[in-house]
Amino acid sequence: MIRQSVNVIAIDGPAGSGKSTVARGTAKALGYLYIDTGAMYRALTLKAVNNGIDLDDGQALEGLARETKIFLEPRGEGLSVKLDGRDVTNEIRSLPVTEKVKYVARQEGVRAEMVKLQRVLGEKSKGAVMEGRDIGTVVFPDARWKFYLDADFEVRVDRRYRELQEKHIPGTREEVSRDLEARDHTDKTRKAGPLKQAADAIVIDTTRMSIDEVIAAILTKKDALYVSRIG
Ligand code: DC
């Protein structure tokens, strides 16, 4: 029986699990839209910091989320991120934003606004690969395909550190390690939309896999899953 479900591939997992690169590659292989939901939380965090908003003030942050325009536009193989019309693609990757995003992402009101926007993006696309923490559990519990990527902690730190170096973003490996540990903790323990594996997600441990191997695994499992659901 074919389950009526949105044409979304949900990819969840902790920072450094390979989600972003894998999601981008999978979207490219399928001609699907790539949606990076972490970029949305990052953009809002940047605005909150620039506006001097208290990051513990849930109401102020929710209000900010409502009045903020965040656009994700395909650019090259990735996305450009516009915050109220301003390109913030690189700025949102800085360590200060990375360290503060957990305070913004734990606010229930903020998440409700973001989830609304993410559902519109997914539903209006012909097909989308959406990556984040709560895509398979909250945003699209009825996604046609769900994957959960994970990897050993030290490997995730190495990946994030290399990424910063490649983008010439300041930060030591020690800082990256501390940030990742703190974000893992808040991502998994917050009340609203915690990082959690959906019961029907396929888990892929990417510790010893290359990006291409993970993408190939997703494409293969995706087809197998579809056959098993219509069979
Ligand atoms: O994937 P990322 O590192 O760019 O995400 C940045 C932060 O945003 C991450 O620490 C947790 C949060 N996030 C979230 O809470 N829910 C999502 N769907 C995506 C990201």
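Figures for the structure shown
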item	result
Equivalent ellipsoid semi-axes, segment 13-65, via Cα gyration tensor eigenvalues times 5, rooted, Å	30, 12, 8
Principal-axis tilt of helix 153-166 within the chain, Cα atoms, nearest 10 degrees	70 degrees
Average accessible area per residue (Å²) across the chain - probe 1.4 Å, nucleic acids and ligands excluded	49 Å²
Accessible area, probe 1.4 Å, largest first, for residues V49, V22	V49, V22
Vicinal HN-Hα couplings computed from phi for segment 210-218 (Karplus, 6.51 cos²θ - 1.76 cosθ + 1.60; Hz; Gly/Pro x)	7, 4, 4, 5, 5, 4, 4, 5, 5
Per-bin percent of Cα-Cα distances, segment 161-224 [10 Å]	16, 29, 39, 15, 1
Rounded to 10°, Cα long-axis angle of helix 37-50 versus longest principal axis of the chain	10 degrees
Translational diffusion of segment 77-126, µm² s⁻¹ [Kirkwood Rh, Cα pairs; Stokes-Einstein; 4 °C; 1.567 mPa s]	101 µm²/s
For segment 1-123, diffusion coefficient by Stokes-Einstein and Kirkwood Rh (Cα), 37 °C, 0.692 mPa s, µm²/s	215 µm²/s
Highest-MSF residue in the chain out of A60, A43, A143 [GNM, Cα springs under 10 Å]	A60
Hydrodynamic radius by Kirkwood, which averages 1/r over all alpha carbon pairs of segment 42-98, in angstrom	11.9 Å
Cα gyration tensor shape of segment 99-152, rounded if a/c is under 1.5, else prolate or oblate by comparing a/b with b/c	oblate
Inverse of mean 1/r across different Cα pairs in segment 97-209, Kirkwood, Å	15.6 Å
Candidates P74, P141, P14: whichever shows maximal mean-square fluctuation once the chain is modelled as a Gaussian network with Cα springs under 10 Å	P74
Phi to ³J(HN,Hα) by Karplus 6.51 cos²θ - 1.76 cosθ + 1.60 over segment 117-134, Hz, x for Gly, Pro	5, 5, 5, 4, 4, x, 6, 7, 8, 6, x, 9, 10, 10, 10, x, 10, 10
With Cα atoms, 0 to 90° folded angle of helix 58-67 axis to the chain main axis	70 degrees
√(5λ) per eigenvalue of the Cα gyration tensor, the chain, largest first, Å	27, 21, 17
Structure-based [θ]222 nm, the chain - -39500 (n - 2.57) summed over DSSP H runs of at least 4, per residue, nearest 500	-16000 deg cm²/dmol
Segment 92-219: relative contact order in percent, alpha carbon pairs under 8 Å with at least 6 residues between	36 percent
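The values are calculated or read from the model by the stated rules, or taken from the named source; none is laboratory data. Note that the coordinates shown come from a computational prediction; the quantities given were computed from them, not determined experimentally. We work out accessible area using only protein heavy atoms, side chains counted, and drop any ligands, DNA or RNA first. Shrake-Rupley method; radii C 1.70, N 1.55, O 1.52, S 1.80 Å.
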